[in-house]
Amino acid sequence: MIFFAKFKRILSLSIPIIGGMMSQNILNLVDTLMIGQLGHVALAGTGVGSFLFFVSFAGFTGIASGVQTMVARYVGQSQQAFISVALILGLILSVTGSVMVVFGQWFFLDGLIALFSTDQGVVVVAQDYYSYRLLGLPFLTFCLVIRGFWNGISQPKRYLLVIVLIHGLNVLFNYCFIFGKFGFPAMQAAGAGLASTLSLVIGSVIYAIDCKAYLMIRSFFNLSKDALKDTLSWLLNLGIPTSIQQFFFALGVAVFYWILGQLGTVEMAIGNVLVNIVLVGILPGIGLAMATMTLVSQSLGEKRLVETFYWPFYVSMVALLGVGTLVLGVLCFPTLILQPFIVDAAVLQRAILPLRLDAIGVLLEVLALIFMHALNGVDRTRFVMVASIICQWVFLLPITYWISITLGYGLVGAWASWLFFQLLQVFVFCGAWFRFRLSV
């Protein structure tokens, strides 16, 4: 009976978050499906641009994560006055920092993109696509902080309603700008980048209006300097390690993609398709992980230490049932899943085994994310940062290069290395969570 009560609470918090994640995934799939009609060069080019954008915003996810942890802790401690302070500080840090990133990258786009491919066609597509995507970075970081805030106060439905609208507009804008429908210019891959930025601008305006009751600017400036300093210090202590970890993770994914680029343009195209397909499993897993962070942080604020410890295990059971079912479908029907995205039969056959390996890795990655976010929820962000960077940069990337390029196992070797990396992360973060139990 107790488990069913926990199960219900997990679902009530995680389903709206998962809904938002699935909406993002549907958007990614539609994006890939539309761009796939332009050929494998367009797929590879937008893949490069997507990974560069991932690296650009990854560092700001730490601020959103910090806001979520702080807000959830304040809720558990019944300190309502500080909830809006965490939100305002998070918005100031994320938007200001992202504007600086946009200006810092704008004049070096050609050189950045050229690092990932020697195929001039891929480089041109990536430049056109990424230049538009980069302009949307400040608006995305704004939305990320709002998401962390709503998750922290256990009202993820507020985020879900707006994000579904944003993604719906993105799909419509994609159709208009990629193919030149309804009188709009046919911009091809560049149109997908413009569509994403326009939808983020509209979404940011809606979020600002929806959150205005919590944006108590006067109370923020009336706060004592010591209280403001302490709150900012806590946010930075939570956010900086997570930001560094996410940045290096994203940079590592970009290096992983660079390795695929050394294998060839077809391999890059396959990699782009595989990443977007397996996000069907990863994004719900991220939603469960975010729910874990809120549950753990709130329980810790209420000083329910036993409940705090068991939350990631309860959430892992839900993940095994939900994500495990999706993974089983991918393992059984890989050709059926790949056919809408890859029109070349020979390329499709090369993608089947890597897709199956990646599907298994997704389940392991979700479990690792759950325990990783649980550790973030109890302020173990520095450990998560160090462990994640070591697992990726000391083990994953060198092994991937050695197996896929030096030994010549190509795509299969790359995804086998990714599978090993996820297994390693599960052992590291699960083991660290047991150590947390011994320390409380």
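The values are calculated or read from the model by the stated rules, or taken from the named source; none is laboratory data. Bear in mind the structure is a predicted one, so any value in this text is a computation, not a measurement. Don't worry about glycine lacking a Cβ; one is built from the backbone with ideal geometry, like all the others, and counts go over all protein chains shown.
Quick notes
- One residue from Gly410, Gly431 being surrounded by fewer than 21 Cβ atoms within 10 Å (Cβ to Cβ) and touching a residue at least 60 places away in the same chain (Cβ under 8 Å): Gly410
- Unmet criterion (only one of (1) crowded, with 18+ Cβ neighbours inside 10 Å; (2) free of Cβ contacts under 8 Å to residues at least 40 places away in the same chain; (3) among the aromatic types (Phe, Trp, Tyr)) for Phe184: (1)
- The residue that is nearest to Leu93 (Cα to Cα), counting only those in the stretch 145-159 that are surrounded by fewer than 22 Cβ atoms within 10 Å (Cβ to Cβ) and touching a residue at least 12 places away in the same chain (Cβ under 8 Å), is Ile153.
- Candidates are the residues of the stretch 303-356 that are among the aromatic types (Phe, Trp, Tyr) and not in a helix (DSSP H, G or I); the one that is surrounded by the most Cβ atoms within 10 Å (Cβ to Cβ) is Phe341.
- The test for being touching a Leu at 6+ places or on another chain (Cβ under 6 Å) and either within 24 Å of Phe247 (Cβ to Cβ) or outside any helix (DSSP H, G or I) (or both) holds for Leu423.
- Checking every residue in the stretch 303-315 against the condition of being of a type outside the set (A, V, I, L, M), in contact (Cβ under 8 Å) with a residue 12 or more places away in the chain and over 18 Å from Phe434 (Cα atoms) gives zero matches.
- For Ser243, the requirement of being touching a Gly at 6+ places or on another chain (Cβ under 6 Å), closer than 30 Å to Leu165 by Cβ and either at pLDDT below 80 or buried (at least 19 other Cβ atoms within 10 Å of the Cβ) (or both) is met.
- Scan of the stretch 375-407 for residues that are over 25 Å from Gly239 (Cβ atoms), surrounded by fewer than 17 Cβ atoms within 10 Å (Cβ to Cβ) and β-branched (Val, Ile, Thr), ordered by number: Ile405, Thr406
- From Ser117, Ser84, Ser65, residue being more than 23 Å from the chain's Cα centre (by Cα), buried (at least 24 other Cβ atoms within 10 Å of the Cβ) and either at negative phi or outside any loop (DSSP other than H, G, I, E, B) (or both): Ser117
- The set of residues in the stretch 193-219 being modelled with pLDDT under 85 and either among the hydrophobic types (A, V, I, L, M, F, W, C) or in contact with a strand residue (DSSP E or B) (Cβ under 9 Å, 6 or more places away or on another chain) (or both) consists of Cys211, Ala213, Leu215, Met216, Ile217.
- Residues that are under 16 Å from the mean Cα position of the chain (by Cα) and β-branched (Val, Ile, Thr) within the stretch 340-372 comprise Val362, Val366, Ile370, listed in sequence order.
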